[in-house]
Structure formats: structure tokens, C-alpha cells
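The values are calculated or read from the model by the stated rules, or taken from the named source; none is laboratory data. Keep in mind that this is a model prediction, so the values were computed, not measured. Virtual Cβ from ideal backbone geometry, glycine too; neighbours counted across all protein chains shown. Ligands, DNA and RNA are stripped out before the accessible areas are found, and what is left, the full protein with its side chains, is counted by its heavy atoms. Shrake-Rupley method; radii C 1.70, N 1.55, O 1.52, S 1.80 Å.
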Amino acid sequence: MTDHTLQARLKIAISIAEEAGQVIIAAREQQDFAHRLKKDNELVTDVDVAVDRLISQRLEEHFPGEARLSEELAPESALHVNAPQLWVVDPIDGTVNFAQGLRHVAVSIGWMENGVAKVGVVHAPFLSETFSATEGGGAFCNGQPIHPSSADSLAHTLVGTGFPYRKEARKQLLKRLEAVLTHCQDIRRNGAAALDLCDVACGRLDAYYESVSPWDFVAGWVIAREAGARVGHLYEVPQEVPADLYPEHLLVTTPSVHDPMKELLLEADQN
């Protein structure tokens, strides 16, 4: 009988993510990959597609028939609300970083059961770090337990965020940016949402806000939550979508600054 406990799923997901990471490292070293722009000026390389196929193949081998939502192979089914088991995959989170030779690049693999995210793996091949978590089991980086920071005021809050590829969509975010730069310690923009979430989970960042896609955040969401960070949304989540799959207006922070951070960003939206 196949062992499908959360820990068994986690172990397999880590193995798959690290195998994918080796493919990514090799592709960077060979520098022979092609890239193109998708809609909204989003970059994709043929490595993204190859890694997505590899992960999909491995998941099918271990968990045949379970639904998969991934950026390159199945983005059109972006809110797979009714799948009882769902794998949510970003083969390369931080594709621009990957193509540019930067190190903030991650493989993100999350698993959901009946709309609740329960397993998360974020593997950063160029940083030699693997973040992992299961529901109720805590969160880890390279096998060591992680926890969020003890920041307790906006003035001591280092904030991570990102910006959409469509330049016209960036203008409305400038008020949030101004508010954060005025009231918080500083801001970081690393270019990989999954790693931003993990950075909150392990205390490198104190807060993170952004609107992304489901595959960008599900795994990191589990990791941050299990580490003890507070995860939520700035605005109400539509009833028909599981909160753990809804990628708009995310806010993930160390617990003490969640409420003031939310108030700051909502106030900025209204100005």
C-alpha cells in the first residue's frame, strides 16, 4: 500500500524539487536555453517548460491521477477549486533572475487537500537551501527549524514585495511603496515570491505583501504559516475560492506587525 501521509508526500516533494534544482543549475552552466515573452511581458525560458514537465512526470509516478496546477503546463485551470488533492507547482520562481544570472531562483511545490494547503517545499538551488513544511509539523530550512522575527513595530519592519510585469499595473502600487518607505525600516525586492515568503518564515524579512499567481505562493504560504508567521489577505477572499489558493493582495508577516502593516497598506490604497 502506498504511503500518502503528509510526511511521505513532503519527502517525495523535496526529492523532486532538488532533482529539478540540479536541472536548473546545469542549464545555467550550459547557457544554451532560449527565452521568450508570454502575455503581459512575462519571461519564460525553455528550462521552465522542461523542469515543469519533469516535476509533472515525477508527481504522476508517485501520485497518479492527482490534479496538478502549474505555471507552464496548466495555467488555464488557475483556480482548481474542486480538486480534492491538488499539486501547485512553479518550476522556476524567479525566471528573470535565472536568465540574468542572479541567485534568487526557486522550485516551488505545494500540495492542497480539499482547499487547504498542507505541504510546501521551496528549493533554492543557487543558495543551497530547501525550505519545507507540513500542516501541524513546523517549518524547516535544510532540516533545521525556522521561526519568524521578533519585530514588533513598523519602524523595525523590513518589507519584501514585488511588482507586476505590466507597467500600467505598477502605478497603483506606488502609494503602498511610499507608505512602506515612510513608515517601515526599508524595502527589498528579490524577484521570487516563494523565497520572500520563506524569508518571512525564517526572520530575514519581517513582512511581505504582493499580488501574484497561485503557483508563486502556495508552498511558501504553508512554510510561513507553519513557521509561526501570520498569513492573510488585505481584502476579503471571494467565497468560491479557497483562501490558500487565492493569490491577490497577500500579506504575510511576523505576528506582531500584521495588523499595523495591514492598516498602513489599506490606508495607502485609499489615498
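See the values below:
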item	result
Sites excluded, GluC sites (Glu not before Pro) in DSSP loops with at most 13 other C-beta within 10 Å, longest stretch of the chain	1-235
FRET efficiency for SER15 and HIS156, using Cβ-Cβ distance with R0 set to 41 Å, rounded to 0.05	0.60
Rounded to 5, the percent of DSSP beta bridges in segment 158-270 classed as antiparallel	55
Shape box of segment 158-270 [Cα atoms, principal axes, largest first, Å]	30, 30, 25
Amide proton proximity set for GLU71, modelled H, under 5 Å, gap of 5+	VAL89
Mean separation of Cα contacts under 8 Å (6+ apart) over length of the chain, as relative contact order %	18
Segment 87-107-segment 141-211 distance, computed between alpha-carbon centres (Å)	18
Quarter of the Cα convex hull surface for the chain, i.e. its orientation-mean projected area (nm²)	13.7
Segment 158-270 - accessible surface per residue (Å², probe 1.4 Å)	42
Computed P(r) (all Cα pairs; segment 163-202; 10 Å bins; percent)	24, 48, 27, 1
With every protein chain in place, the chain: carbon and sulfur % of accessible area (1.4 Å)	48
Extent along principal axes [Cα atoms of segment 204-271; Å; largest to smallest]	30, 29, 17
Residue-normalised accessible area of segment 6-145, expressed per residue, 1.4 Å probe, Å²	43
From the C-alpha gyration tensor of segment 6-145, square roots of 5λ in Å	24, 19, 13
